[in-house]
Structure formats: structure tokens, C-alpha cells
Amino acid sequence: MRPLILTSAVVLLAGAPALHGDEGGKTEITVFLGVSLQEPSVTRRFPDVLPVREGPGHIPQFEERTRLGGSFLQGFRVGRTLGDRVTLEVGLSVAPTHERRFESDFPWWPYCPECVVTSDGGGTPPSPPPDLVPVPVPGWGDGNVVAYAYDADVTFDLATGAVRPYVLLGAGGVTYDSGLEPNQTDFRLSFGGGLRLGGGAVSGRLEVADALTPDHFLTGETEHDVQVRCGVSVRVP
């Protein structure tokens, strides 16, 4: 998916002058910072997938929850203008501080008090007795997840002048790297809007976009990642 998206974007940018003519076409480079506000979570209930035991040492019903927090993000875009209003862009961004948290209300106490892991997740927990099923507990399995995103977008300015509102529509992908398991890559769509501030070779940019993932790796459901970004754009011939 990633090579196809990037290849298609390069072809679009390379063909932009031919679509509109060389006159007026400019390359725009934007460097931006922002925040990713996504907070997907999933809950699994047991013993929906575990057998119930009766008597001492039985496995009571409990839940396991996994959450992925937000992150700051940084990146850049390269675009090609088509006339005064339309810009085709490709971009890369990195959101390095998504925090994944595991929570479980599994009642280890009093069945196995020595199996409780401290909240900071330090050390290696001892093996539980054979009649217990090892499951994540608070602090165990927590970690940082880095998201690498790559998109191809089209923006349309709603006005001309020094302050130009615009709408954005795009598609791309995002790869999540936890360092503990194979990387997960999701397809996503982007839509939103923003403002271009300044009419010269250097301008500012403020943008809010929703990166919608139809099949998020964590939940398997549609998830929204609202992103707020600001940056500086430089136009070159």
C-alpha cells in the first residue's frame, strides 16, 4: 500500500505542470508541527474466551482494556500549485509519543499475590501457578508507539488574497511501530480545512484535519484521529 500511494503521488506532482501548463505552477514546501488527538481503546471480556472454573482458584469474570493515547507530531509536505487555488501535495509525518496502556481488573489477589506487577512495569513477573491464566496487568506491556504517516492530498483555496481559507481531501497510510511486535499499517482518509496566512513567497499555515482509519489496528473499527497542525510554507519556482 505505501509504495503505491507514494508512487501515485509522485506521478501526480510530476504531471501537474502538464495539466495546467508551466505558467503559474510553483512548488510549495511546508514544514509543520502539531498534535494527534486520537485515543482509540478496546475492551476484551473474559471468560468469554476462557473456561470458567468452579471452587477455589476459579477464574472469575474480568476485563482487559488497551488504550492508545495522543502524540505531538512533526513533518513536511511538498506540493505543486495548479493555478491560484488548487495544490497537489504529498507529505510525511511522525508522531513519536503515542502511549499504549494496558489495564486489567483480573483479581490476582489473593490467588497469586506474588504475581502482581508494579505500576511502573519494572522487572520480570514470576510465573503464575499452573491453575492461573497469565494476563496483562497494570504496567505490564505498556509502552510507546511511533506512528509514521504518508499521505497524498489536494487542497482548494476558497478565496484569494493574504488570508485564504481552504479545504483538504486526501488518502494515505500510517504505520505503527511499538518495538514489541510486528509493525501495523492502516489505510486512512483525510479531510479538513485551514487557513493560509500571507501572499508572498513565505506564508503561514494553520490546519485541522480528521485522519479517518476504517480498520484501525488496535480496535478493528473505524477510528478518528483529529490533528491540529501549524507550519511555514515556502514557494519556489
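Each reported figure results from applying straightforward, stated rules to the coordinates on display, with no laboratory input. As the structure is a prediction and not an experimental result, all values here were calculated from the model. Ideal geometry is used to build each Cβ from the backbone, glycine not excepted, and the neighbour counts take in all protein chains shown.
How would you rank 218-230, 142-154, highest first, on the average number of other Cβ atoms within 10 Å across their residues?
Values: 218-230: 16.9, 142-154: 19.1.
For the peptides 218-230, 142-154, the packing ranking is 142-154, 218-230.
Go through 89-102, 196-209 and give me the packing order, highest mean Cβ count within 10 Å leading.
So the order, starting with the most tightly packed, is 89-102, 196-209.
Using a Förster radius of 41 Å, what is the FRET efficiency between Thr185 and Lys26 based on their Cβ-Cβ separation? Nearest 0.05, please.
0.80
Once both labels are modelled 7 Å past Cα along the beta-carbon direction, what's the Val154-Asp84 spacing in nm?
Going by the 7 Å Cα→Cβ label model, 2.0 nm.
Round to the nearest 0.05 the FRET efficiency obtained for Leu37 and Ala201 when R0 = 45 Å and r is the Cβ-Cβ distance.
In this case the efficiency is close to 0.90.
Quick check: pseudo-label points 7 Å beyond the Cα along Cα→Cβ at Val146 and Val228, how many nm apart are they?
Here the answer is 2.6 nm between the modelled labels.
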